[in-house]
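Written out below as structure tokens is the structure these notes cover.
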Amino acid sequence: MNIEAMNSEAQKGGVLPPPEEKAVYVNRMFARIAPTYDLMNRLMTFGQDQRWRREMLDYCNLPPHGLLLDVGTGTGDIAYMAMRRYPTVRAIGSDFTYEMMAAGVNKVPGVQLPFIQADACVLPFPDNTFDAVVSGFLIRNVVDRVAAFREMARVTKPGGRVVCLETTPPSNSVLGPLFRLYFFQIVPLIGSVVARDRQAYAYLPHSTVEFPPPAELARMMERAGLHHVFYVERMMRAVAIHVGTKLPLPA
């Protein structure tokens, strides 16, 4: 079955919600799976998600005493990692789903991470606030992706970076058929056992099917006003890290 056919079947079967219902659907889904979200991430990626997060932070070029915003923070994995790796850096985590953030409070002993509930397309921060803004596995859950990138760019300081970690469509992978088998058959099975929510982990692979390939996502970042956009692919092209820069102010 090709990508278009799988996407059509997913919509008919209620796996993918229509755009006008996506925000509510996604919020409720993540609220349900919050208690097991971190464990499922480790299992689904064979622990590689932590390595990708570290690489994301390397691309941020955070200065000493810099300020990082993690949009769609979930339980705060990226933000907590930033504060552990760079002791002088401050981080803030924002997420649309309260239950996800609640699961992350006090997750790392001795590290205090401020959480703020917010829509990725309407961030409650002034212009030019953060040295870098990151998101991990967020953008595929957003209806207006360019608007989300534009908002991330708005709150980034001139010269700062917006860094995005996302899965890529199965057809992008050099092992596409194998990844389709894994994501569409094995992952929902693991989700039904570990998270007791097969529906959520059927949605997540299908949300990747209709997601733009890396080159198109890079163009979206450029339309949002970011410059010098580039990306690197990992896990045999199953995931990609995109990096864009907000131009410095004229001298």
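Read-outs throughout are calculated quantities, based only on the coordinates presented, and are distinct from any laboratory measurement. Source: prediction; values computed, not measured. Note: ideal-geometry Cβ built from the backbone for every residue, glycine included; neighbour counts use all protein chains shown.
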*If you plug each phi of the range 131-139 into the Karplus form 6.51 cos²θ - 1.76 cosθ + 1.60 with θ = phi - 60°, what whole-Hz ³J(HN,Hα) values come out, in order, with x for Gly and Pro?*
6, 7, 10, 10, 8, x, 6, 9, 4
*Order the peptides 67-74, 19-26 from the highest to the lowest mean number of other Cβ atoms within 10 Å of their residues.*
67-74, 19-26
_Table column - 3J(HN,Hα) (Hz), the range 28-42, Karplus curve with 6.51, -1.76, 1.60, x for Gly and Pro_ = 5, 5, 5, 4, 5, 9, 3, x, 10, 4, 4, 4, 5, 4, 5
*Using +1 at the Cβ of each Lys and Arg and -1 at the Cβ of each Asp and Glu in the chain, identify which of Asn27, Met236, Pro126 lies farthest towards the dipole's positive end.*
Met236
*For the range 48-136, what does the alpha-carbon gyration tensor say about shape, rounded, prolate or oblate, given a ≥ b ≥ c as the root eigenvalues, a/c under 1.5 as rounded, and a/b over b/c as prolate?*
rounded
*Would you list which aspartates and glutamates come within 16 Å of Lys22, measuring only between C-alpha atoms, while excluding same-chain residues fewer than 8 positions from it?*
Asp95, Asp119, Asp144, Glu210
*asked:* Taking a ≥ b ≥ c as the square roots of the Cα gyration tensor eigenvalues, with a/c under 1.5 meaning rounded and otherwise prolate when a/b beats b/c, else oblate, which class fits the range 88-137?
replied: oblate
_Among (i) 0.96; (ii) 1.09; (iii) 1.03, the entry derived from the coordinates for Cα Rg over 2.2 N^0.38 Å_ = (i)
_Give me, ordered by chain and number, the residues 5 or more places off Asp197 or on other chains with an amide H under 5 Å from its own placed amide H._
Ser192
*Rounded to the nearest 5, what is the percent of antiparallel bridges among the DSSP beta bridges in the chain?*
45 percent
*Euclidean distance of C-alpha centroids, the range 82-129 and the range 169-242, integer Å*: 24 Å
*asked:* Compute, for the chain, the length of the dipole vector about the Cα centre, with Cβ point charges of +1 (Lys, Arg) and -1 (Asp, Glu) only. Units Debye, rounded to 20.
replied: 440 debye
*If the cut-off is a Cα-Cα distance under 15 Å, which aspartates and glutamates reach Lys157, setting aside same-chain residues fewer than 8 apart in sequence?*
Asp70, Asp127, Asp131
